[in-house]
Amino acid sequence: MRLFCFPYAGASAMVYQRWRRQVPDWLDIKPVELPGRGIRLPEPLVRDWEELITTLVRGLTGDIRQPYALFGHSFGALVAFETAHALREYGVPLPSALLVSGSHAPTRRDNRRFENLQDDDALKAEMRRLNGTDAVVFASEELMALTLPVLRADFRLCGRYVRRDRAPLAIPVHVLAGVADETTPATLEAWRTETTGGFTLDYFDGDHFFIQSCEEPVLATLCRYLERTQAADPDKAIPSDFPEFTLGKP
């Protein structure tokens with residue numbers, strides 16, 4: 001099973017590198033790098049949802065040769081959700097499951113708060129409030145110079161997000177949440193309407209970045225659901241001769 005992991009706002013794929021050493025051999029953690037950060041730093045930051053998802057789908061399809069799933073935290077949860085829909089629209093074999101954490105359901109988002117999160121001071125205040133950034137980053141002008149433009153672009157995307165009216169996904173959706181996060185039972189339960197393939201909701205101690213403070217139980221939960229998914233349909237696999245996908249119109 002391959003798990004594609006989408007980073008949260010302002011982050012690169014490196015935030016999931018540790019996970020690769022923490023999971024069983026049967027699970028292949030595949031961090032997904034977005035344009036403008038990490039190994040894709042020379043590329044321009046994406047400011048449009050359609051462009052972002054199209055770019056990601058084009059990159060993912062070359063790696064889809066086995067059962068796979070999608071995971072995303074916060075902003076990454078939206079990216080994973082939209083990527084799953086795009087894969088279906090383009091006729092690519094669907095993931096075995098969608099796993100999202102730290103995010104209101106698409107139907108229960110309030111994007112207005114992102115309007116005031118564009119200048120440097122506001123961005124720094126939000127980073128401190130969410131409590132997921134190491135003090136070393138705040139103390140380094142160089143690191144802040146790299147982080148703030150990425151965070152600003154991602155928050156701008158969050159503010160522009162509009163959920164399209166589409167049929168629910170026919171795959172399980174597993175939701176993870178922190179008990180001290182700003183999400184609520186209502187905004188989390190609303191993820192249930194996005195699937196016809198099963199729904200779960202698990203809470204963990206911690207705030208918005210519970211995936212860091214509760215890394216071990218979070219990974220254990222992800223592995224449990226993915227193992228069940230694979231056991232329920234052991235013959236489900238992407239054909240070895242599945243042709244390389246050429247992106248066109250859905």
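All of the numbers you see were taken from the coordinates with simple rules; none came from a lab. For clarity, every value in this text was computed on a predicted model and none was experimentally measured. FYI the Cβ positions are ideal-geometry reconstructions off the backbone, even for glycines, and counts take in every protein chain you see.
Computed on the chain, with alpha-carbon pairs under 8 angstrom and 6+ residues apart, the relative contact order is 23 percent. Restricting the calculation to alpha carbons of region 116-179 gives Rg and Dmax of 15.9, 46 angstrom. Across region 170-232, C-alpha contacts under 8 Å between residues 6 or more apart give a mean separation that, scaled by the residue count, equals a relative contact order of 37 percent. Between LEU148 and ARG224, what's the calculated FRET efficiency when r is the beta-carbon distance and R0 is 45 Å? Round to 0.05. For R0 = 45 Å, the calculated efficiency reads 0.75. Sorting VAL137, VAL179, VAL46 from the fewest to the most surrounding beta carbons within 10 angstrom yields VAL179, VAL137, VAL46.
Computed from the C-beta positions of TYR161 and ALA232 and an R0 of 45 Å, the FRET efficiency is 0.90 to the nearest 0.05. Taking +1 at the Cβ of each Lys and Arg and -1 at the Cβ of each Asp and Glu, which of ILE211, THR229, MET14 sits farthest along the dipole of the chain towards its positive end, judged by Cα position relative to the Cα centre? Going by the Cα projections, it comes out as THR229.
Separation of region 189-236 and region 4-63, taken as the distance between their Cα centroids, equals 19 angstrom. Think of each Lys and Arg Cβ as +1 and each Asp and Glu Cβ as -1; about the Cα centre, that makes the dipole of region 2-232 roughly 560 debye. With no solvent and one point on each alpha carbon, what is the Debye value of log10 I(q)/I(0) for region 50-186 at q = 0.12 Å⁻¹? Debye output, listed in q order: -0.56. Under the simplified labelling scheme, the LEU41-THR55 pair shows an inter-label distance of 1.6 nm, with each label point 7 Å from Cα along Cα→Cβ. Per residue, the convex hull spanned by the Cα atoms of region 2-232 measures out at 120 cubic angstrom.
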